[in-house]
Amino acid sequence: MKNVDDLIESASELATRGLSKGEIADELNVSRETASWLVERSDTEPQPSDSGQSNGAARSGPQDIHVDWSAIGRDSGRMESIASAMADLLAKHGEDVDLTIGIEKAGGPIATLVARELETDLGTYTPAKHQWEEGDIDELGGMFSRNFATIRNRDCYIVDDTITSGTTMRETIEAIRADGGNPLACVVLADKQGVEEIDGVPVYSLLQVISVGKDD
């Protein structure tokens with residue numbers, strides 16, 4: 001995706017397909033606030049842009065960073081190589097961990113490859129944001145899939161594609177602990193916040209995306 005207009009078009013398409021704003025945020029690797037803004041913009045007429053700028057660049061909106069990792073995701077060989085690197089970041093925590101939890105949706109396929117690399121069982125967690133449209137997300141709840149491994153008081157790793165605000169990762173950590181599990185470490189492809197730990201659990205990333213700018 002090259003600019004904000006592309007994101008607005010994608011958000012509109014996903015909304016038309018019936019995805020919630022939380023799911024749209026997950027698909028586009030943006031915050032919930034940004035997803036809401038993109039969907040709302042898709043219902044308005046484009047405004048004239050300044051010379052040399054796209055329409056999207058001229059619009060004010062949430063401060064966010066879009067991470068497009070589709071060049072990795074669409075190729076199984078690249079995915080396997082990336083998962084191997086992510087597994088290497090986790091391996092320092094020892095050999096006793098026997099469960100890897102992937103945060104749905106994007107974290108699931110990555111976690112599958114990480115789990116194979118580390119020779120652990122596989123579990124998945126669907127966060128509350130997948131139900132979120134507007135209002136207080138704290139009123140919603142996530143869930144672990146019954147089609148995969150259960151927590152059963154086990155040590156585990158957590159895998160996702162990106163960290164935008166850290167809210168979803170924190171929710172997953174809390175859900176694992178509520179089920180009696182012990183999250184030892186988290187790993188993501190890209191971290192947009194520069195997070196080193198969440199609720200006492202170390203967070204590793206292959207990339208840290210840092211926005212550098214100045215006030216006008």
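Each of the peptides 100-111, 197-208 was scored by the mean count of other Cβ atoms within 10 Å over its residues; in descending order, highest first, they stand as 100-111, 197-208. Accessible surface area normalised per residue over segment 69-203 is 48 Å², counting heavy atoms of protein chains with a 1.4 Å rolling probe. One decimal place: the segment Ser70-Asp96 gains 6.1 nm when fully extended, by the rule 0.36 nm per residue minus the C-alpha distance. Once backbone amide H atoms are built at 1.01 Å from N, Ile101 has Gly123, Tyr157, Ile158, Val159 as its partners under 5 Å, excluding neighbours fewer than 5 places away on the same chain. Rounded if a/c is under 1.5, else prolate if a/b is larger than b/c, else oblate: which is segment 156-216, with a ≥ b ≥ c the root eigenvalues of its Cα gyration tensor? The shape class here is prolate. Full extension of the segment from Ala85 to Ser165, taken as 0.36 nm per residue of separation minus the current Cα-Cα distance, would add 26.5 nm.
The values are calculated or read from the model by the stated rules, or taken from the named source; none is laboratory data. Owing to the predicted nature of the structure, the values given are computational and were not obtained by experimental measurement. Neighbour counts run over all protein chains shown; Cβ positions are idealised from the backbone, glycine included. In case anyone asks, the SASA skips ligands and DNA or RNA and just uses the protein heavy atoms, side chains included. Shrake-Rupley method; radii C 1.70, N 1.55, O 1.52, S 1.80 Å.
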